[in-house]
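None of the figures in this text is laboratory data; all of them are computed from the coordinates on show. A quick note: this is a predicted structure, and the numbers were derived from the prediction, not measured. Here the Cβ positions follow ideal geometry from the backbone for every residue, glycine too, while neighbour counts run over all protein chains shown.
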Ligand code: UDP
């Protein structure tokens, strides 16, 4: 299915269920997917920042309509947009998938302790979820090789990165070739939200 275009940003207008299925199939086929849930803030950032626009338009394999604004804009342009696929919701769906299928997740980002608190909450909400590693999001450039080694040593299939937009997307694109995880996703403040 071809993506629709909202202000020049290609969006895959699919349901949450289709998005999860697409990600799982690509993961099982050992294809790495950088997935972006494009909310109005991200779509606007693409208008102002050419480097960020290139990341969203050319590097991301899957760009989903996050938020009423993206869904409304797509429909206003005459496209069929079945529903909103919000980043926090997709993150939770993938944790639920981990709980059912044993896929392994790594939580990278947030203030010290927040990823661990999100892991504890995920284990409560999704019994059996496999969160195999955590690292906070306040690091120096020279720490990056060690962080990548830790992510890869964990064996994680899914990497959730919470550094805020656009930092998390830039980080993922810069390092995706060194990462073994098959699902790469920036999730903004989702660890904070889940941790409460
Ligand atoms: N963050 C981080 N490292 C940084 C900057 C931010 O780990 O250098 C974390 C911050 O602690 C928070 C998240 O990134 O958990 C950003 O959340 P925010 O809601 O601002 O992101 P948005 O959803 O707006 O992209």
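A few comments on the model shown:
- Principal axis box of segment 101-169, alpha-carbon based, largest edge first, Å: 35, 22, 20
- When the helices of the chain are scored as -39500 (n - 2.57) per DSSP H run of n ≥ 4 and the total is divided over every residue, the value at 222 nm lands at -13500 deg cm²/dmol.
- The fraction of all Cα pairs in the chain landing in successive 5 Å bins from 0 to the largest distance is 1, 8, 17, 21, 21, 16, 10, 4, 1, 0, given as whole percents.
- Computing FRET efficiency as 1/(1 + (r/R0)^6) for residue 120 and residue 57, where r is the C-beta to C-beta distance and R0 is 30 Å, gives about 0.20.
- Cα long-axis angle, helix 16-28 against the chain (0 to 90 degrees, to the nearest 10): 50 degrees
- Crossing angle, helix 114-125 versus the chain [Cα axis fit, 0-90 degrees, rounded to tens]: 80 degrees
- Residues 12, 76, sorted so that the one with the fewest Cβ neighbours within 10 Å comes first: 76, 12
- Here the gap between residue 25 and residue 80, fully extended at 0.36 nm per residue and compared with their Cα-Cα distance, gives a gain of 17.4 nm.
- Extension gain, residue 177 back to residue 142 (0.36 nm per residue minus Cα-Cα distance, nm): 10.8 nm
- Percent antiparallel among DSSP beta bridges (both partners in the chain, rounded to 5): 10 percent
- Degrees between helix 87-101 axis and first principal axis of the chain (Cα, 0 to 90, nearest 10): 50 degrees
- Note on segment 9-110: Cα Rg divided by 2.2 N^0.38 Å, N the number of residues, gives 1.10.
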